[in-house]
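I have placed the structure first, in the form of structure tokens, so that the comments after it can refer back to it.
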Amino acid sequence: MILVSRYLVPKGYVGIVIFPFILLKYKHLSINNVLLNHEKIHLRQQLELFLIIFYIWYGVEFLIRLLIYKKWHKAYKNISFEKEAYANENDLNYLKSRSFYNFLNYM
């Protein structure tokens, strides 16, 4: 389900996923298939890791990357979940053939 709220999406981002919702900053983004595919990849990742494990893993990996790269954006871009989503967001059929736990290939 897609929700639009510029107040729930953090500054610097246009969309986030909090299962089962895709939160978008602006209504016009709801027709951006590449962005929606990126967020749907995150939905699949969250399901695979039973939500809580996903959020813990995401947070811990982000903190480790932040220690390594010392820059917020670079740390964010190097989280395995984000690397998988960015690498495959243009392939609108990706989720049909994606293997289980495929984010591990981006560690």
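The values are calculated or read from the model by the stated rules, or taken from the named source; none is laboratory data. In this text, all values refer to a predicted model and were calculated from it rather than measured experimentally. All Cβ positions, glycine included, derive from the backbone under ideal geometry; neighbour counts span all protein chains shown.
Data table
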| read-out | value |
| --- | --- |
| Of all residues making up the range 55-107, the number that are farther than 25 Å from residue 20 by Cβ, outside any helix (DSSP H, G or I) and modelled with pLDDT of 95 or more | 3 |
| Single unsatisfied condition, residue 51 versus (1) modelled with pLDDT under 95; (2) hydrophobic (A, V, I, L, M, F, W, C); (3) under 12 Å from the mean Cα position of the chain (by Cα) | (3) |
| Single unsatisfied condition, residue 17 versus (1) β-branched (Val, Ile, Thr); (2) surrounded by 18 or more Cβ atoms within 10 Å (Cβ to Cβ); (3) not in a strand (DSSP E or B) | (3) |
| Selection from the range 20-29 of residues that are surrounded by fewer than 18 Cβ atoms within 10 Å (Cβ to Cβ) and out of contact with any helix residue (DSSP H, G or I) (no Cβ under 8 Å at 6 or more places or on another chain) | 21, 26, 27, 28 |
| Count - residues of the range 1-48 that are within 11 Å of the chain's Cα centre (by Cα) and either of a type in the set (Asp, Glu) or more than 23 Å from residue 91 (Cβ to Cβ) (or both) | 2 |
| Any hit, the range 82-103, residues being aromatic (Phe, Trp, Tyr) and surrounded by 15 or more Cβ atoms within 10 Å (Cβ to Cβ) | yes |
